[in-house]
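Worksheet: one structure, shown below.
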Amino acid sequence: MGMQKITVSNQKGGVGKSTIAVHLAMSIREQGNSVLFVDLDPQANATKTLERIGEASPVAASQLFNGEVVGIEAAEGITLIHADGAMADIERADPAVLSTFRRNLESLGESFDYCIIDTPPTLGLRMTAALLVADHVLAPIELEEYSIDGITKMLQTIFGVKEKWNPDLNFLGMLPNRFNPRSLAQKETLTNLVKNYSHLLIKAKIGIRSSIPEALAEGIPVWELKKTAAREAGREFKEAFAIVYEKMGGLK
């Protein structure tokens, strides 16, 4: 069993996708696995966090599409392939770059147990590449009305890729993130989602808490932050990830 690739994706920005992706990488690493993190998101939020704690490889994300990438070895922590400005050019490139991306990830797969791919919040060649190579895809969602509007589009993209190009793609589900328990509108939205998308929803939710960005600023997962609110956030992440790992058939 080679490197398992998990793509964290949503066509809507601002849903906390990078926060989920980084915590997922930290959780998998804590369980003794070697983790490669590929940041395809131009905002580079994951890169900023992981540069503090991981091993930034000399390879930038755009190089995965442009040439042969070899010789990245698993580091003690999380090995990062960082977001870079040249990625914007990929969107105008020949679709042949998708094959280059796939080949590079396959060759890197010999050194790592898991690869987490953080995607841009728009459909284009980078998001397509991340879905084409993925074994699993996780979709963080926000329970605001304008975010819900994009869910159908996002599901069409994921299942379209599965149908046409990646039949083994395992959709782990939509993970409600940045949940505000005091918002009646959000609670109502969650009820509607459970009613309409129950089979596609991860039955857990992650609240909106100041301890989460605080932990990332320190380069640690929220469950390591010594605060009461952080403990609660950590419990929510662990509950959600336990469901994710079960849907993946367990971790190595």
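Just so it is clear, none of the values below were taken in a lab; they were calculated from the coordinates. Everything numeric in this text was worked out from a predicted model, so none of it was measured. Counting neighbours? That spans all protein chains shown, and the Cβs are built from the backbone with ideal geometry, glycine included.
Arranged from fewest to most other beta-carbon atoms within 10 Å of their beta carbon, 142, 239, 188 become 188, 239, 142. With 28 Å as the limit, the listed pairs 187/252; 153/205; 153/252; 48/203 have 187/252; 153/252; 48/203 beyond it between alpha carbons.
The order of 178, 126, going from fewest to most other C-beta atoms within 10 Å of their C-beta, is 178, 126.
For residue 162, a cut-off of 12 angstrom between C-alpha atoms picks up these aspartates and glutamates, skipping any fewer than 8 places away in its own chain: 135.
Rounded to the nearest Hz, the phi-derived 3J(HN,Hα) couplings of region 113-127 under the Karplus curve 6.51 cos²θ - 1.76 cosθ + 1.60 (θ = phi - 60°) are 7, 9, 10, 9, 10, 9, 9, x, x, 9, 6, x, 5, 5, 5, where x marks glycine and proline. Shape analysis of region 1-135 based on the Cα gyration tensor places the equivalent ellipsoid semi-axes at 20, 17, 13 Å, largest first. Legend: ranking of residues 89, 168 from fewest to most surrounding C-beta atoms inside 10 Å; resulting order 168, 89.
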